[in-house]
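To start, the structure under review is shown below, and the notes come after it.
The values are calculated or read from the model by the stated rules, or taken from the named source; none is laboratory data. Bear in mind that the values here come from a model prediction, so they are computed numbers and not experimental data. Note that we place each Cβ from the backbone using ideal geometry, even for glycine, and neighbour counts take in every protein chain shown.
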Amino acid sequence: MSTAIVVCVSENEWAGFVAPNDLPDDLVMHRVSPAEGVDGIVAALSRTGAATLMTCWSTPPLPADLRARAPGLRYVCHLCGTVRRLVPRALIEQGLLVSNWADAHAFTVAEHCVALVLAGMRRLSAAHEQLHHATGWSVGGPPPRSLRGRRVGLHGFGVVARELARLLAPFGCSLSAFAPGDDDALLASRGVARAATVDALYAASEVLVCLAPWTPRTQGSVDARVIGLLPRDALFVNVGRGAVVDEAALAAAAASGRIQVALDVYVEEPLPAASPLRALTDAVLTPHVAGPTTDQQHACGRVALDNLRAFARGQTVRGVVDLARYDTIT
């Protein structure tokens with residue numbers, strides 16, 4: 001028996017996430033263009049009788065009254081990560097099942113984080129500036145350093161931080177994390193010590209990786225005072241959410257030469273041309289590309305397809321975003 005699925009994703013997203021050979025025969029996909037908006041989604045759900053909606057980055061934000069307009073909808077299967085822009089909390093409160101790509105993205109984000117850390121420690125941006133835009137050969141300022149044996153702090157301990165801890169193991173780093181929602185056994189299983197407070201974490205870290213969730217409580221919480229706790233010449237890395245950080249304070253600390261930064265996320269994206277971060281010739285900046293590389297997106301798509309089959313069969317779905325996870329997801 002076939003199961004109807006309404007799919008509201010762009011052509012590029014579909015091609016990127018869903019390999020033709022992965023499509024199961026028992027799922028019938030009814031495509032709706034994101035340009036048709038919520039009205040198009042509601043019409044397709046009504047027309048097909050589908051209980052499931054597949055979404056991605058291009059899907060228009062769903063309204064809080066969606067279940068009133070489409071009472072048969074029971075499950076939103078999101079192909080990618082955060083659902084906070086897409087799904088209002090009220091829909092989950094009403095019992096709508098929502099899932100995302102679970103931990104399928106964790107390796108590629110952690111891999112990019114390692115690249116940022118190494119590039120920052122070795123001061124590759126300053127070297128690039130010298131070779132391509134100046135006449136010098138030697139990189140001035142603080143000397144390049146090895147990551148080996150460094151004190152690395154993890155601000156947050158979700159799936160990416162846990163994978164990062166595994167990838168850092170060969171470097172012999174001393175790892176600590178501020179993770180109030182995780183128990184000691186989980187941290188210990190990854191060789192990570194607990195930092196009692198955010199202040200303690202920042203003050204002790206030669207490399208600080210920010211993976212804190214973006215919530216009303218954490219917005220702008222990494223401010224000038226917290227940044228000032230970092231040891232001199234520390235490296236601040238952010239692959240979580242830009243809005244957690246006071247970007248002006250971070251840029252000022254980096255411009256002073258007191259710390260270095262390596263960033264993949266920003267308060268405003270794309271990063272404005274007038275951002276003081278763009279003036280930092282010693283900063284490692286990437287344009288929010290830490291997520292799954294194109295060659296790995298099919299793995300995330302397979303998680304979604306497996307979830308669609310599981311839901312249709314009444315089985316357990318991976319990567320469920322319940323209320324507790326919704327409130328902390330980045």
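Checking residue 39 against (1) without any contact (Cβ under 8 Å) to a residue 60 or more places away in the chain; (2) touching a helix residue (DSSP H, G or I) at 6+ places or on another chain (Cβ under 6 Å); (3) of a type in the set (Asp, Glu), which single condition isn't satisfied?
Here residue 39 clears every test but (2).
Show the residue pairs that are 6+ apart or on different chains and have beta-carbon atoms under 7 Å apart, the first residue being within the range 228-243 and touching a residue at least 60 places away in the same chain (Cβ under 8 Å) and among the aliphatic types (A, V, I, L, M), the second being surrounded by 24 or more Cβ atoms within 10 Å (Cβ to Cβ) and assigned to a loop (DSSP other than H, G, I, E, B).
Every condition considered, the pairs that remain are 239/211.
Look at the range 224-257 and say how many of its residues are assigned to a loop (DSSP other than H, G, I, E, B) and not charged (D, E, K, R).
Here is the first cut: in the range 224-257, the residues assigned to a loop (DSSP other than H, G, I, E, B) are 228-234, 239-241, 246, 256-257.
Add one more test, that the residue is not charged (D, E, K, R), and what stays is 228-231, 234, 239-240, 256-257.
Qualifying residue count, the range 224-257: 9.
Report the residue count in the range 269-301 for those that are without any contact (Cβ under 8 Å) to a residue 40 or more places away in the chain and polar (S, T, N, Q).
1
Could you check residue 316 against (1) part of a loop (DSSP other than H, G, I, E, B); (2) closer than 30 Å to residue 26 by Cβ; (3) touching a residue at least 12 places away in the same chain (Cβ under 8 Å) and say which number it fails?
(3)
Return the residue satisfying two criteria in turn: it lies in the range 278-309 and is assigned to a helix (DSSP H, G or I) and among the acidic types (Asp, Glu), and of such residues it is farthest from residue 14 (Cα to Cα).
Narrowing the range 278-309 to residues assigned to a helix (DSSP H, G or I): 278-279, 294-309.
Still in the running and among the acidic types (Asp, Glu): 295, 306.
On the way: 295: 14, 306: 16 Å.
If we take residues in the range 278-309 being assigned to a helix (DSSP H, G or I) and among the acidic types (Asp, Glu), then 306 is farthest from residue 14 (Cα to Cα).
Search the range 245-293 for residues being polar (S, T, N, Q) and more than 21 Å from residue 164 (Cα to Cα), and hand back the single one that is farthest from the chain's Cα centre (by Cα).
As a first pass, look at the range 245-293 and keep what is polar (S, T, N, Q): 256, 260, 275, 281, 286, 293.
Still in the list and also more than 21 Å from residue 164 (Cα to Cα): 256, 275, 281.
Numbers: 256: 29, 275: 22, 281: 25 Å.
That would be 256.
Do any strands (runs of 3 or more DSSP E) lying entirely in the range 116-222 carry at least 1 residues that are out of contact with any Leu (no Cβ under 7 Å at 6 or more places or on another chain) and buried (at least 22 other Cβ atoms within 10 Å of the Cβ), and which ones are they?
Here the list reads 207-210.
Which ones in the range 270-284 are in contact with a Gly (Cβ under 7 Å, 6 or more places away or on another chain) and modelled with pLDDT of 95 or more?
Within the range 270-284, just 284 meets the criteria.
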